[in-house]
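Below: one structure, written as structure tokens.
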Amino acid sequence: MATVHAFRTLHPIILVLYVLGVSGIIFFINPVVSFFALMGASVYFSLLVGLPKLLREYGFYLWVGIWMILSYSMFTHNGKTPLFFLNDQAITYEATYKSIVLAVVVLAVSFWLKCYSLIFTSDKVLFLLTKLSTRLGLLCTLSIRFIPLCKAEFKAKQRVLKANGYYQTTSYTDRVVRWLKVYWYVITYTFEHVFLTSAIMRSKGYGYTKKRSHFHLFTFHKKDGWFLLSMLALSGCIVLWHQQYLFYYYPAIKPWAMTWYGATVVALYFLLPSLYEAKEVTQWHYLQSKM
């Protein structure tokens with residue numbers, strides 16, 4: 001079987017270092033950087049969950065982006081190039097341009113968070129945080145588990161109640177009230193179910209002694225070293241050329257200053273997970289053909 005999600009098998013420290021690098025670069029608020037950040041997140045998210053799921057997610061987040069663009073451009077009137085006037089307030093080209101870039105940044109951050117919520121499993125979180133504090137590691141693990149468990153329980157409960165005719169009423173208010181009752185039940189049930197694990201762990205003495213040994217399956221391999229070197233090389237280039245990524249919008253948009261190699265470096269950095277996936281799949285098919 002070919003490697004499907006090779007990036008998630010890297011050492012947790014490598015994954016953390018990469019997401020820290022993404023977090024630092026993505027907030028340059030540069031149009032090109034923001035575009036490649038969204039592209040890299042979208043490509044990797046589609047590899048994780050499939051293209052149909054990606055398109056469904058875009059159907060929701062595009063509305064969020066449109067709302068951000070309208071809100072920012074209507075309430076921010078900086079810039080020297082008015083497009084039109086609304087209630088005697090100028091809607092400027094610069095503010096509209098920046099609102100579009102900010103919307104792209106929000107979408108990129110959202111999709112990167114979705115990707116990391118899928119690849120950062122509870123064992124990785126415990127491995128990273130247990131050395132600092134066993135209770136902190138357990139708390140973060142339970143918090144990450146809460147949302148998926150709540151969604152699964154809500155969907156299961158909704159299917160059962162719809163089949164039983166719970167929502168069959170002509171009153172819209174009654175449907176909303178019943179939906180809120182189900183939602184409140186699911187929240188309380190999930191809280192009780194999730195944090196019961198914490199009580200069980202405490203009853204077994206988890207976190208009360210510093211001499212407790214911790215078992216994990218994570219070791220630093222050669223592939224982790226090569227990925228780290230690639231990441232550091234690209235990060236070094238970005239730091240070296242950081243001046244060309246700095247971008248301003250007011251009072252007038254900065255003339256284009258990014259070179260082609262600067263854009264290429266940023267694109268490669270954000271596409272590293274997808275490129276690593278492609279490399280592993282290609283290597284697998286090559287080895288399979290030699291059998």
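Side notes on the structure shown:
- Pairs exceeding 18 Å between alpha-carbon atoms, taken from LYS151/LYS181; LYS114/LYS222; LYS222/LYS279: LYS114/LYS222.
- Per-residue packing, averaged as other Cβ atoms within 10 Å, sorts the ranges 266-276, 162-172 into the order 266-276, 162-172, beginning with the highest.
- A 1.4 Å probe run over the stretch 25-116, with the rest of the protein chains in place, finds 52 Å² accessible per residue.
- Residue-span extension gain [LYS80 to MET231] - 0.36 nm each, minus C-alpha spacing: 50.4 nm
- Length gained on full extension, LYS162 to TRP67: 31.0 nm, using 0.36 nm per residue less the C-alpha separation.
- Fraction of accessible area attributable to carbon and sulfur, the stretch 35-123 (%, probe 1.4 Å): 71
The values are calculated or read from the model by the stated rules, or taken from the named source; none is laboratory data. Keep in mind it's a predicted model, so treat the numbers as computed, not measured. Using ideal geometry, Cβ is built from the backbone for each residue, glycine included, and neighbour counts are taken over all protein chains shown. All accessible areas refer to the heavy atoms of the entire protein, side chains included, with ligands and DNA or RNA removed. Shrake-Rupley method; radii C 1.70, N 1.55, O 1.52, S 1.80 Å.
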